[in-house]
Every structure is written in C-alpha cells, then in structure tokens.
1. Roughly what percent of Cα-Cα pairs across segment 240-323 reach past 20 Å?
2. From the phi of every residue in segment 165-178, what ³J(HN,Hα) in whole Hz does the Karplus formula 6.51 cos²θ - 1.76 cosθ + 1.60 yield, where θ is phi - 60° and glycine or proline is x?
3. Taking amide H positions as placed 1.01 Å from N in the peptide plane, with prolines and chain starts having none, which residues 5 or more places from F159, or on another chain, fall under 5 Å of its amide H?
4. Quote the charge dipole size of the chain about the Cα centre in Debye, to the nearest 20; the model charges only the Cβ of Lys and Arg (+1) and of Asp and Glu (-1).
5. Kyte-Doolittle cut-off -0.5, length cut-off 20 Å along the helix's own axis using Cα: show which whole DSSP H helices in the chain pass.
6. What value does segment 140-212 have for Rg/Rh, both radii from Cα atoms and Rh as Kirkwood defines it?
7. Taking the solvent-accessible surface of protein heavy atoms with a 1.4 Å probe, what is the per residue accessible area of the chain in Å²?
8. Testing the spin-label approximation: label points 7 Å from Cα along Cα→Cβ at N216 and K263. State their distance in nm.
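The values are calculated or read from the model by the stated rules, or taken from the named source; none is laboratory data. On a predicted model such as this, the values are computed, not experimentally measured, just so you know. Please note: Cβ atoms are built from the backbone with ideal geometry, for glycine as well, and neighbour counts cover all protein chains shown. What goes into the accessible areas is simple: the full protein's heavy atoms, side chains included, and nothing from ligands, DNA or RNA. Shrake-Rupley method; radii C 1.70, N 1.55, O 1.52, S 1.80 Å.
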Amino acid sequence: MTIRATVKGVGHYLPSRVVPNSEFEATLDTTDEWIRTRSGIERRHFAADDEFTSDLGTKAAQNALDMAGLEPDDIDAIIVATSTPDHTFPSAATMIQQKLGMTRGFAYDIQAVCAGFVFALANANGMILSGQAKRILVIGAETFSRILNFEDRGTCVLFGDGAGALVLEATDGTGSSDDRGILGVDLNSDGRHKDMLYVDGGMVSQQTGHIVMQGNALFRQAVEKLASTADAALVKSDLGHDDVDWVVPHQANIRIIQGTAKKLGVSMDKVVVTVQDHGNTSAASIPLALSVGVSRGQIKPGDLLVTEAIGGGLAWGAVVLRW
Ligand code: UT7
C-alpha cells in the first residue's frame with residue numbers, strides 16, 4: 001500500500017476590479033495590441049486598497065473547503081505560496097488560519113516566486129507521505145499590483161492579483177501510475193540567474209520595492225527549462241507525453257505556454273489557458289488555472305495533469321498528478 005496526496009477540493013478568488021489593457025494606454029507608451037500579441041494578456045484583476053494577500057487566500061481556501069465538504073478544523077496544515085505576504089511576518093498562512101477560524105494545526109509560507117505553488121505542492125506531498133499531516137490546504141495567493149512600477153511598461157502590464165487553493169488528503173493508493181493524487185515531482189533552482197527577475201526591496205533597501213525583469217532573457221530560459229522539468233516529473237511518475245490529459249502551466253505569457261506545449265508534443269487543446277483573463281498572478285496562477293479548468297468542465301476526475309512553472313531565483317519545477 002502506498003500513501004497518495006489526493007485532491008479533495010479546489011477553489012479560487014479574484015478581486016472584483018478588472019483592469020483591461022486599454023487602461024494602461026492612458027499613462028504609458030503601450031497599446032492593447034502590443035500587450036495581447038506579445039503576452040496573450042487581455043485583462044487582469046487588481047485588489048482593492050483594503051484587500052491583501054491573506055484576504056484573497058482566505059476566500060480561495062473557503063471555496064476549496066466547501067467543494068471538499070470540510071470545515072477549517074478538519075485541516076492539519078496550511079501552506080501558502082506567496083511573494084507578496086501582507087507583512088514581512090507573520091506568514092500569510094497564519095493570517096489565513098486565523099481568518100478561516102482554524103484553531104488547530106500549523107501554517108507557514110513558501111517563497112519560490114512564480115514557481116511557488118509547484119514547490120508548495122511538492123512540500124505538502126512530502127508532509128503527507130511522511131505522515132506529518134493528513135489534510136493540507138495548499139494555497140497560492142498574490143497581490144503583485146503592490147510591487148509593480150507603473151512607469152515600467154516592460155513589467156506593469158504583465159501581472160495581476162488573485163488566489164487559488166487545493167485541499168490535499170492522504171489516501172491509500174496501489175503505488176502504480178493509475179493512482180489518483182500526486183505521482184511525481186521535479187524541483188530546480190539556479191541562483192546564478194538572480195538578476196533576471198527580482199524585487200529591489202527588502203532589508204537592503206528598507207522598502208517594499210518593485211519588480212525588475214529582463215523579460216527577453218527570461219523568456220529564452222523559460223521554454224527550455226519548463227519542458228525539461230515537465231519531462232523529468234513525467235519520467236519520475238513512470239508516464240510519458242501521450243498519457244497527459246491536461247498541461248496546467250504557470251500563466252506568464254501565451255507564447256511561453258505554446259512553446260512549452262510544442263516541445264512536450266502536447267496540442268494546445270490539452271492546455272488550460274487563463275493568461276488572457278488573469279495576467280501573470282505568480283504563485284496563484286496554477287491553482288487559479290486548476291480551479292477555472294474544473295469549473296469550465298475541462299479537468300475531470302481521473303485526468304492526468306502536469307503543472308509546470310518558472311520564476312525568480314531562478315526557481316522552476318513540475319508536479320504530475322492524477323485529478
Ligand atoms: O512569471 C515569471 C516568469 N516571467 C516570464 O517568464 C516573462 C518572460 N518574458 C516575457 O514574457 C516577454 O519577454 C515579455 C512579454 C516581457 C516581453 O516580450 P518580448 O517579445 O520579449 O519583448 P522585448 O522585451 O524584446 O521588447 C521588444 C520591444 C522593446 O522595444 P525596442 O527595444 O525593440 O524598441 C521594448 O521596449 O517592445 C518594447 N516594449 C513594449 N512596447 C509596448 C516592452 N514593453 C512594452 C509595452 N508596450 N508594454
């Protein structure tokens with residue numbers, strides 16, 4: 001008998017303010033057409049002034065719990081992937097724990113920027129396989145609108161706010177790749193590329209800071225690394241490209257998503273795409289895409305999914321799971 005970390009519920013939350021590309025035309029030397037054709041983004045959501053990452057994460061978590069038919073105190077742990085926590089500390093996870101009214105268990109954040117949700121899923125899987133927790137809320141939540149430089153057209157048009165959450169539960173599997181749940185994980189990082197994407201804030205500057213990105217250089221790294229990490233996670237799962245029902249990629253740029261799918265030999269009708277509506281929501285983008293993919297009727301129980309992401313660090317990775 002093998003323990004598997006299986007999805008019991010999924011949910012998401014998006015702030016109500018929708019910002020179309022055209023809004024940037026008033027203040028920047030940019031066009032809706034440039035943003036659409038270079039990134040695939042048409043609109044994104046921005047949080048209200050009084051709405052923070054823990055608020056978004058709490059709402060997504062509540063929706064995932066509702067789908068799972070569970071109460072907050074049925075959960076053993078909360079892991080939040082975020083680079084935009086409300087405060088330097090405490091973690092967004094403990095704030096969400098409090099906002100959910102959860103009075104037991106433990107909660108902490110993971111920071112691997114846009115790859116954060118993949119790292120959090122891998123971490124939750126390890127917690128479940130080692131018996132430290134039976135049910136874990138894994139949340140990706142971000143308010144990147146707060147770290148955008150609205151004078152930098154190369155970055156501020158690309159990012160958005162949102163949150164998504166999964167409930168993972170320990171279940172008995174057979175050990176074969178037919179099992180439901182997480183089947184394979186591949187994680188990587190390379191700190192030599194730290195200048196490709198970073199926020200110039202923190203202890204050094206004593207300010208929150210803004211995103212700085214070498215978009216073109218990162219683009220060149222992305223497709224190669226995403227395809228190879230997805231491949232590695234499939235090999236570790238004893239599965240191949242033909243077994244994949246859905247690729248659920250990090251939603252940074254439609255051209256990266258298309259390039260990676262092509263390298264993997266997976267057609268675009270097997271890829272969940274939300275970048276047009278959400279922009280790049282960093283660690284929230286994969287759980288948002290999972291939740292939207294389920295509500296659209298794309299992802300169904302038993303489907304074989306590959307999630308892959310890359311971001312600042314660089315950090316990148318992939319998780320293979322059967323829904
Ligand atoms: O989630 C973490 C991972 N993030 C990523 O993977 C992002 C990776 N990078 C990208 O998605 C793309 O590189 C971008 C969407 C950021 C940029 O697309 P690109 O095709 O690589 O454009 P570029 O950076 O090579 O810029 C081409 C031109 C430049 O002008 P010149 O130098 O050719 O005159 C830019 O200044 O486009 C210009 N440009 C813009 N023009 C209009 C850059 N941003 C804009 C803009 N509107 N918003």
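1. Working: 868 of 3486 pairs.
Cα-Cα pairs of segment 240-323 separated by over 20 Å account for 25 percent.
2. After applying 6.51 cos²θ - 1.76 cosθ + 1.60, I find 8, 10, 9, 9, 9, 5, 10, 7, x, 9, x, 8, 6, 7 Hz.
3. N280
4. Details: 27 positive and 39 negative charges, 87 e Å.
Dipole magnitude for the chain comes out near 420 debye.
5. Sorted by number, the helices that extend far enough and score high enough are 53-68, 215-236.
6. Taking Rh as the inverse mean 1/r over Cα pairs, Rg/Rh reads 1.15.
7. 41
8. About 2.0 nm, to one decimal.
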